[in-house]
Amino acid sequence: MKLTTKYSMFYGATPEIFENARILRNNQTSAEKKLWEYIKNNQLGKKFRRQHSISSYIVDFYCHMVKLVIEVDGEYHNDSEQTEYDSYRATDLKEFGLRIIRFTNDQVFNDIDFVISEIKKFL
């Protein structure tokens with residue numbers, strides 16, 4: 001079935017995950033919007049996708065060429081339950097051969113040059 005082929009391309013993401021990603025793209029956080037302004041349109045020499053579906057997850061940003069996931073974390077990621085979930089999620093994503101880097105909202109807002117230089121190290 002053609003639909004299965006399309007979705008299996010993204011590590012088994014389902015149509016529901018794709019729909020949720022579309023909704024998130026239309027409702028990005030301020031920090032995600034700011035970072036997107038710096039990485040969209042191949043500005044760093046690589047194509048990034050925002051709110052990208054991978055398996056049962058939606059990552060903030062993804063560069064398929066170098067298998068890099070970028071996450072921008074708000075305050076709720078400091079919660080112990082959320083930290084545990086983030087760790088579990090990262091383990092799952094790494095099983096696909098993906099690398100993950102995380103930045104806080106504060107880093108994006110207050111030191112975007114640092115954030116961009118760290119991303120470039122992975123590219």
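Tabulated results
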read-out	value
Search result, residues across the range 90-111 that are part of a helix (DSSP H, G or I) and either exposed (fewer than 13 other Cβ atoms within 10 Å of the Cβ) or without any contact (Cβ under 8 Å) to a residue 60 or more places away in the chain (or both)	Ala90, Thr91, Asp92, Leu93, Lys94, Asp106, Gln107, Asn110
Qualifying residues in the range 11-51 (those that are β-branched (Val, Ile, Thr) and in a loop (DSSP other than H, G, I, E, B)) - the one surrounded by the most Cβ atoms within 10 Å (Cβ to Cβ)	Thr29
Test: residue in the range 68-89 that is assigned to a strand (DSSP E or B), among the aliphatic types (A, V, I, L, M) and modelled with pLDDT under 95	no
Given (1) at pLDDT below 95; (2) among the polar types (S, T, N, Q); (3) part of a helix (DSSP H, G or I), number of the condition Ser117 does not satisfy	(1)
Residue check, Ile116 touching a residue at least 40 places away in the same chain (Cβ under 8 Å) and open to solvent by less than 80 Å² (accessible area, probe 1.4 Å)	yes
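The values are calculated or read from the model by the stated rules, or taken from the named source; none is laboratory data. A quick note: this is a predicted structure, and the numbers were derived from the prediction, not measured. Here Cβ is always computed from backbone atoms with ideal geometry, including for glycine, and neighbour counts include all displayed protein chains. Note: accessible area is taken over every heavy atom of the protein model, side chains too, but ligands, DNA and RNA are not part of it. Shrake-Rupley method; radii C 1.70, N 1.55, O 1.52, S 1.80 Å.
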